[in-house]
């Protein structure tokens, strides 16, 4: 059993970086438009890697840790699906060329490795130091879940997005895209390209969604390594799936209700944790059931025209 946390964290991050380097440096060395078939293949590859890692967790740390990883992975993967719909809207609004979208998502993962680690370690430290903070996280998740339902018909107004407007004012920016470059030099001066602004928008969106998903996973486990690895594998798998989801974003129109219900459930689990402990296996089953029901309901009752416009809601929830 590997118990040294430094070795565990270092080995995992080095492994992920090597896989990402192989992904971008070999398989996606040349920017090209990702089709649905290629997207599904890469999503399956990352899912298989996550399952293999979960088997290693079971072998090294036992059944309970493996079950916590599975639950955390499922929660984060469900939460991140909503995130991808927002990415779709950002790419559409800012007219990001299809061949460059993969690079934005790739570098988004690189930043997420650092950002998620910081949030998770901080969150675990707060819960362990201040017992009452678990109630704050739980209440926040319940509030967020209810708010998502009430705001289901709101859409993102990127024209009024403060982050994008501020970035345009602070950073000298070119008027058009320059291939897959984030920065270019013109007359000896460095200019950001619109692709860099897209990356900023994606990272801010990921930061906002992490404020929901990470407390939700903390309701399942307080092991920072389990929470972190399940988060990262879920992000890797879903961002590979983005290009397939982009082609069928309207199909699972009840997914927002499922996500809202999951947030309310895990928030309630946190609030009542001192009075009644819901086993991880039971929580995992409930989360999977909620997700299954929302997907089946979406397929059996297709969205009407008015509902399709409200699938992507306000991310600043």
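At a glance:
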{"quantity": "Condition check for residue 316: at pLDDT below 80 and out of contact with any helix residue (DSSP H, G or I) (no Cβ under 7 Å at 6 or more places or on another chain)", "calculated": "no"}
{"quantity": "Meets criteria (free of Cβ contacts under 8 Å to residues at least 24 places away in the same chain, touching a helix residue (DSSP H, G or I) at 6+ places or on another chain (Cβ under 8 Å) and surrounded by 15 or more Cβ atoms within 10 Å (Cβ to Cβ)) for residue 120", "calculated": "no"}
{"quantity": "Residue check, residue 34 surrounded by 20 or more Cβ atoms within 10 Å (Cβ to Cβ), closer than 26 Å to residue 207 by Cβ and modelled with pLDDT of 80 or more", "calculated": "no"}
{"quantity": "First in the range 100-112 and at negative phi and touching a residue at least 12 places away in the same chain (Cβ under 8 Å), second anywhere and outside any helix (DSSP H, G or I) and buried (at least 19 other Cβ atoms within 10 Å of the Cβ), Cβ under 6 Å, 6 or more apart", "calculated": "102/34"}
{"quantity": "Considering residues of the range 67-82 that are modelled with pLDDT under 80 and either touching a strand residue (DSSP E or B) at 6+ places or on another chain (Cβ under 8 Å) or crowded, with 22+ Cβ neighbours inside 10 Å (or both) only, the residue nearest to residue 13 (Cα to Cα)", "calculated": "80"}
{"quantity": "Qualifying residue in the range 45-61 (condition: assigned to a helix (DSSP H, G or I), under 29 Å from residue 197 (Cα atoms) and touching a residue at least 40 places away in the same chain (Cβ under 8 Å))", "calculated": "yes"}
{"quantity": "Residue in the range 209-222 that is surrounded by fewer than 23 Cβ atoms within 10 Å (Cβ to Cβ) and over 30 Å from residue 14 (Cβ atoms) present", "calculated": "no"}
{"quantity": "Top-ranked residue of the range 255-279 - restricted to ones that are surrounded by fewer than 21 Cβ atoms within 10 Å (Cβ to Cβ) and at pLDDT below 80, ranked as farthest from the chain's Cα centre (by Cα)", "calculated": "274"}
{"quantity": "Matching option when the condition is more than 18 Å from residue 227 (Cβ to Cβ) and either part of a helix (DSSP H, G or I) or at pLDDT below 85 (or both), among 23, 64", "calculated": "23"}
{"quantity": "Those residues of the range 160-188 which are touching a strand residue (DSSP E or B) at 6+ places or on another chain (Cβ under 8 Å) and either modelled with pLDDT of 75 or more or closer than 15 Å to residue 101 by Cβ (or both), in sequence order", "calculated": "172, 173, 174, 178, 182, 183, 184, 185"}
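Each row is one residue, and each column tells you yes or no for (1) in a strand (DSSP E or B); (2) farther than 21 Å from residue 44 by Cα; (3) modelled with pLDDT of 75 or more.
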| site | (1), (2), (3) |
| --- | --- |
| 190 | yes, yes, yes |
| 212 | no, yes, no |
| 228 | no, no, yes |
| 231 | no, no, yes |
| 235 | no, no, yes |
| 246 | no, no, no |
| 251 | no, no, no |
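The values are calculated or read from the model by the stated rules, or taken from the named source; none is laboratory data. Note that the structure is a prediction, hence the values are computed from the model and not measured. Using ideal geometry, Cβ is built from the backbone for each residue, glycine included, and neighbour counts are taken over all protein chains shown.
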